[in-house]
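Take a look at the structure set out below.
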Amino acid sequence: MTTRADIENLIARVAQGDRAAFKALYGATSAKLFGVTLRVLNDRAEAEEVLQEIYVKVWHNADRYTVNGLSPMTWLITIARNSAVDRLRKLRRAETPAELEERIADDGAGPEALAVAASERGRLVACFEELAAKHAEAVRRAYLEGETYADLAARFDVPLNTMRTWLRRSLLSLRECLTR
Amino acid sequence: MSDQDQPDRDDRVLAGEYTLGLLSAEDAAAFEARMVREPELRTLYAQWAEDFAGLTDDITPQAPPARVWQQIEAGLFGTRERGSWLRRLTLWGGGIAAAAVLVLAVFLPDLVERGPVPPVDPPYVAQIAAEDGSLVVQAVYDDATGTLFVDREAGGAAPGRALELWLIAGEDAPVSLGVMPQYAQAVLRVADDLRGRVAGAVLAISDEPEGGSPTGAPTGDVLAVGPVQES
């Protein structure tokens, strides 16, 4: 098991250009990050390619890690999630309106989202549960599916401004709950 | 007015929207600029990043195939031969049958110099155009010979950048048809195994580094798209 301190240490060495540390960091973290990219992209070929991009970014940006205030795994997961979402949005940009309809109708809602919630750490679960089910799902979809305000408005069949209001209120409730 | 009434004016909310990637490019840039100056904003962002990362807690780790590390090493340190075009295609092609990925789309310089002559009565045409008309490419496709004639009527690559043409057939990942040459008119040869897939597909042009996408998939903005239609 690699501890938080181990990963921090590896990132610090990567920042110095230590290739052995980079390989060790990849060994310790790539399965988690590949899981995340697969979850977001749901496509192995795309996920593999994005995983490459992620570690290229890690190599080039490791020296900036210490100033951002994130825990090492959060830093890596955030790079992975954002890179995967960027790719997903690029792929979606080529979608026709009919394909968008189909995607939104197909990957139906609840069961999976609920499964995600069930095993999350307690505080986060409890705070998501305080939100209306739809609102919690919208926040989850924004993070894990990279859905935009426009995507979410189409999915929940509400006007764009309503969606913004829902989501902003949900974020406020979540933040208040999480810092309680 | 309380936060409940105007939640969108709250930095805690703004930081959450930034973390989720919900802000417009302009608002995100403005938020990043503020983060540089305002430590409190960095703290708000860090809190959201930590909390949302918790949403990945139950995602099962999956060991990536060995080729991913090999490609990372090759790309960063050149410890293996430079990733060839073909190998990159096979890498990202993954699920697609290998044969289908071996696209041989070649610009024929001799034809380009003479000026390509599109068929008089082409079976398929496509207008690959940006919404604002900043890039317009007319394409004519002859499925009998697998020849794609392209004529760039408006726009071009940005300085130091290249335009790359992609075939998007159905649900499949985009397949590169090659980098558009500097000439306005050119001919591309579409590989035999792709010939039958051009009809009904979508052609797209993306902004890429000189020499084309380093990854085998579009990396820059998609500038123009157009469906291939029977003429």
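The values are calculated or read from the model by the stated rules, or taken from the named source; none is laboratory data. The model shown is predicted, which means the values in this text are computed figures rather than measured ones. Please note: Cβ atoms are built from the backbone with ideal geometry, for glycine as well, and neighbour counts cover all protein chains shown.
Assorted remarks:
- Any hit, the stretch B:118-136, residues being assigned to a strand (DSSP E or B) and at pLDDT below 85: no
- Restricting attention to the stretch B:137-152 and to residues that are without any contact (Cβ under 8 Å) to a residue 40 or more places away in the chain and in a loop (DSSP other than H, G, I, E, B), the residue that is surrounded by the most Cβ atoms within 10 Å (Cβ to Cβ) turns out to be B:145.
- With a requirement of 2 or more residues that are within 14 Å of chain A (Cβ to nearest Cβ) and surrounded by fewer than 21 Cβ atoms within 10 Å (Cβ to Cβ), the strands (runs of 3 or more DSSP E) lying completely within the stretch B:153-231 that satisfy it span B:202-209, B:222-227.
- So residue A:50, is it more than 9 Å from every other protein chain (Cβ to nearest Cβ) and within 15 Å of the chain's Cα centre (by Cα): yes
- Flag not set for residue A:39, criterion: at negative phi, in a helix (DSSP H, G or I) and surrounded by fewer than 16 Cβ atoms within 10 Å (Cβ to Cβ).
- Residues within the stretch B:184-221 that are of a type in the set (A, V, I, L, M, F, W, C), touching a helix residue (DSSP H, G or I) at 6+ places or on another chain (Cβ under 8 Å) and over 23 Å from residue A:97 (Cα atoms), tallied: 3
- Any hit, the stretch A:59-70, residues being surrounded by fewer than 20 Cβ atoms within 10 Å (Cβ to Cβ) and among the charged types (D, E, K, R): yes
Yes or no, residue by residue, for (1) closer than 21 Å to residue A:83 by Cβ; (2) out of contact with any strand residue (DSSP E or B) (no Cβ under 8 Å at 6 or more places or on another chain):
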{"site": "B:172", "(1), (2)": "no, yes"}
{"site": "B:188", "(1), (2)": "no, no"}
{"site": "B:195", "(1), (2)": "no, yes"}
{"site": "B:203", "(1), (2)": "no, no"}
{"site": "B:211", "(1), (2)": "no, no"}
{"site": "B:219", "(1), (2)": "yes, no"}
{"site": "B:227", "(1), (2)": "no, no"}
